[in-house]
Structure formats: C-alpha cells, structure tokens
Amino acid sequence: MEPEVISLAKQLITKPSYTPDDAGCQPLLMNRLSGHGFQGEHHRFGEVDNVLIWHGDAQGPALMFLGHTDVVPPGDLSAWKHDPLSAHVEAGVLYGRGVADMKGSVAAMVLAMEKFVAQYPSHPGKIALMLTSDEEGVALDGVKKFMPLMAKKHHFDYCLVGEPSSSNVLGDTVRVGRRGSLHVTIKIKGKQGHVAYPQNAKNPIFLAADAIHKLGGFEWDQGNDDFPPTSFQISNIHAGSGVTNIIPGELEITANFRYAPTSSQASLSKQLRQLLDEYALKKYDLDCELDWQLSGEPFHCTDKKYKQALEASVLKVAGVKPEFNTAGGTSDGRFVAPHGIATMELGPINKTIHQVNECEKVSHFVLLENIYLDLIQRLLLK
Ligand SMILES: [Zn+2]
C-alpha cells in the first residue's frame, strides 16, 4: 500500500502552483490539519498566500517547520518522462515538479505533526508549520512580510526548513546556516571622447582594469568553522553605446558578494571602496557611484541542543551522521533566524531540483517523516 506521505505529496504535486500561485495547496493542508485540532492564520500579500498552522500553546519549547508551496515552471514539457503534474511513481521513485523542492518535505512535515498530536494530544510546547507561495519568486510578499507579523503573536525557539539539503544519501547534509547575499552596482565615471583624441578623454575601461584585477583575488575575510571565506563575483561589465569611434564615459559593473557572518555590508563596502580608491579612483581622479542591494543577511545556528537533537534523529532514523554545512544559495530561513530562532535545514536529495524529471525516492519521504517526528519528540518532550 502507498505510504500516506506519498498520497499527500501527490495531492500537492498535481496542483499547478507555479510561483507565486498557491493553487489551493495551503487550504488543502489547513483543512486537513484543522481536522486534527490545529489552528491557522492566513495572510495574502499581493498575489502571495501565506499561512501559519499550529498546535499547542506557549508553555514549553516551540518548533516551527518552514516550507513553500510554490514551484518553478516545468521548462521543456517534451523532455519530461512523465507529465510534471501527474505525480507518477515508477520503480519506487516519485516524479513531478516540486517533488524535492519542496512538496514532498511539506507532506512529511504534515504527517509528522499529525502523528505527534494523535499520540500526545496535550503535549507541552507548540508545533507549527509556516508556508508561503513566494519562495521561488522575488520573495518579497512571502516569509519576509509574514514572519514579522507572526513573531508578534507566537514565540518559537526552533525552526526547521524543509529545503532539499541532502546530497547523496538522505540526511547526509544539514544546513546550519546560509551565507548572506549582497549585490552591488559600481559605476566608474571617466570622460567621454573621440577615439582619435584620447588625450582629451579618460577611458574608464583601461583605468579600472587594475582595480578589477585586484578585486578578483582579494581576501575579504577568512570565514569560520561553518562558513567558507566570503566570495565576490562580477556578473556583468558594460561600457560604450555600440558606436566604434567613441571612448565611453562610464563603466558599469554588477557584482555579488556571498558572505560569511565574519563580514557585513558595512565592512565589505568599506573594503571595496578602499580597493577602488587605491587602484582606480584616487590614482586617476575618477568619480564612482556604488549602489547596494542586500538580498539576505547570513544566518548561523549555534544552538548545541538543537544541533545534537537533529543529529540524533537523523542517525536513529536514516542511519547516517549528517555533515553540518552552510553551502547553497539563500533560503527563507534568512527571514526567520533574525527573530532569535535557531534555524536549520533538512530535506530530500537536491540533485534534480529545478530540472526536468525532478524526482526523489518514495522511501526517502518515509524516512523524512520519521526524522521530523523523532525531532518533534526530542525537542518538545525531553
Ligand atoms: Zn525550495
């Protein structure tokens, strides 16, 4: 017989919840959990649906699961082995858009919470599930807005995000934080002129070349035990209008920092400015404009009790000792951790996420459900 976690995952996968459309996923889960005594609160911002569903009260430890119901578009439909909305199981593997990122984890969280409440109807503490339909999109009307609102009404000690963290074996990797992401646009201003009269112009392409070279090898910090050193990457460089006889007056560089908690926007902008000054601006008397956009601050879980509990649950259920790391892009955890909530991430294998033929083993979702259930018990009952 099909495990219940797979039946629920299938119900979610067949809903076309392409970001930011929830397509009825949240009401389905809300109805289901309210049948088990859970309460809920829904907020829609713009086109984005957000819901918090909880059981228990403020007395004792409180754990919140965090997930999203939106998925990325399917891409080339003809390249899929099975329709991405059909939730087809073949040889013990579930196929469909959102299977691994992250409707399967959401189903596992729901089953774990239901089973816990059925066994301990008057448990101490609180368990909750927060869902948004805007994780894969611009992420402005999702957890970023919803979490501050809910943090006024609810206290949580722990948050577990169900993003697909595993690499080869289920449970082999737990994210104990994520790097920050900081965008910067650098406009270096020279002086426009005719290519035949360079003595009357200042070509910012030549004059910025040394600075760009220095930026490539610069050590911004050394990271720490859980974080690699901060990295800086240039994604675009542009100058000139396409005309062949003009020295351009301006050079525009767009770049991104992925940074460890050992750095900050303030420290990075100071270092960047010093480098630009030394190798370009002061040297050649150029003007410069820097435009910053903070996409997410870094977060880092240092709660020993929580880390030990999750490690013990993974070891007991899946038989592997997870590696704690902070690799990968940003996640909605960045909006939860600043509220003083110890935040980690554990989910299925991420090999096929955002690809055609996204899939994950049926057995992994059963393991995941049992890890989540074991974790709830360790945190709330012990
Ligand atoms: Zn995701």
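What follows draws every value from the coordinates through simple rules; no lab data is involved. None of these values were measured; they are calculated from a predicted model. Using ideal geometry, Cβ is built from the backbone for each residue, glycine included, and neighbour counts are taken over all protein chains shown.
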Next on the checklist: Based only on Cα atoms, what mean projected area does the convex hull of the stretch 173-215 have, in nm²?
Outcome noted: 5.1 nm²
Checklist entry - Which Rg and Dmax, in Å, describe the Cα atoms of the chain? => result 24.2, 83
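Order the peptides 42-53, 357-368 from the highest to the lowest mean number of other Cβ atoms within 10 Å of their residues.
Result, highest mean first: 357-368, 42-53.
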Checklist entry - Nearest 20 debye, what's the magnitude of the dipole of the chain about its Cα centre given +1 on Lys and Arg Cβ and -1 on Asp and Glu Cβ? => result 620 debye
Checklist entry - Percent antiparallel among DSSP beta bridges with both residues in the chain, to the nearest 5? => result 70 percent
Item to check | Neighbourhood charge, 10 Å Cβ-Cβ cut-off, centred on Y279 and excluding it, Lys, Arg +1 and Asp, Glu -1 | outcome: 0
Checklist entry - DSSP loop GluC sites (Glu not before Pro) in the stretch 169-268 with at most 15 other Cβ atoms within 10 Å of their Cβ, which ones? => result E219
Checklist outcome for this item: Placing +1 on each Lys and Arg Cβ and -1 on each Asp and Glu Cβ in the chain, then taking the dipole about the Cα centre, the residue among V184, P298, A112 whose Cα reaches farthest towards the positive end is P298
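Suppose a student asked you for the relative contact order of the chain, using Cα pairs under 8 Å spaced at least 6 residues apart; what percent would you report?
26 percent
In whole Å and largest first, what semi-axes does the C-alpha gyration tensor of the stretch 180-296 yield when each eigenvalue is scaled by 5 and square-rooted?
In descending order the semi-axes read 31, 13, 11 Å.
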Checklist entry - Can you sort D225, D21, D172 so the residue with the fewest Cβ neighbours within 10 Å comes first? => result D225, D172, D21
Next on the checklist: Can you tally the net charge around E323? Count Lys and Arg as +1, Asp and Glu as -1, for every other residue whose Cβ sits under 11 Å from the Cβ of E323.
Outcome noted: -1
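Could you tally the net charge around P228, taking each other residue with its Cβ under 11 Å from the Cβ of P228, Lys/Arg +1 and Asp/Glu -1?
Values: positive: R179, R258; negative: D221, D225, D226.
Here the charged neighbours net out to -1.
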